[in-house]
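The values are calculated or read from the model by the stated rules, or taken from the named source; none is laboratory data. Quantities reported herein were computed from a predicted structural model and do not represent experimental measurements. So basically every Cβ, Gly included, is an ideal-geometry build from the backbone, and we count neighbours across all protein chains shown. Heavy atoms of the whole protein, side chains included, go into the accessibility calculation; ligands, DNA and RNA do not. Shrake-Rupley method; radii C 1.70, N 1.55, O 1.52, S 1.80 Å.
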Amino acid sequence: QVTLVEYGGGLVQTGGSLRLSCTASERTFSHYYMGWFRQAPGKEREFVAAVSWNEDIWYADAVKGRFTISRDNAENTVYLQMTRLKPEDTAVYYCAADLAATYYNGASYRYWGRGTQVTVSS
């Protein structure tokens with residue numbers, strides 16, 4: 001069982017930045033695919049970004065060029081640096097993990113954090 005805890009959400013103005021972090025309890029963190037997903041009120045959960053165990057990286061088109069995912073295996077942590085935030089980025093952001101995953105498909109990740117709220121004011 002892998003426990004994931006997200007940090008770093010909050011309220012920010014349009015154009016601002018936030019950095020989310022997600023720390024895993026798993027000693028073999030470096031072997032895991034790590035993903036960030038988000039869910040806005042009344043909408044389905046959507047893929048945001050993912051990084052594989054060998055650091056292949058993918059982004060949703062909506063965040064490409066604004067968000068950066070990275071991982072620190074020594075700290076068992078994955079980060080999501082979010083810049084040039086927009087009101088449509090407002091959502092609960094979730095961290096997800098698994099040993100193998102279809103990076104954009106939330107159903108392929110077994111382990112999830114509880115989420116952290118990001119609110120972007122206009």
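Before moving on, here are some points about what is shown:
- Under the Debye formula (equal points on every Cα, no solvent term), log10 I(q)/I(0) of the range 1-56 at q = 0.14, 0.16, 0.20, 0.30 Å⁻¹: -0.51, -0.65, -0.95, -1.28
- Each Cα pair under 8 Å and six or more residues apart adds its separation to the average, and for the chain the resulting relative contact order is 36 percent.
- The residues of the range 12-82 expose, per residue, 51 Å² of accessible area to a 1.4 Å probe.
- Computed lengthening from Thr68 to Gln13, 0.36 nm per intervening residue step minus Cα-Cα distance: 17.9 nm
- Percent accessible area from carbon and sulfur atoms, the chain, protein chains only, probe 1.4 Å: 45
- Semi-axes of the equivalent ellipsoid for the chain, Cα gyration tensor, largest first, Å: 22, 14, 13
- Lys/Arg +1, Asp/Glu -1 at C-beta; the chain dipole; positive extreme among Phe47, Val12, Ala24: Val12
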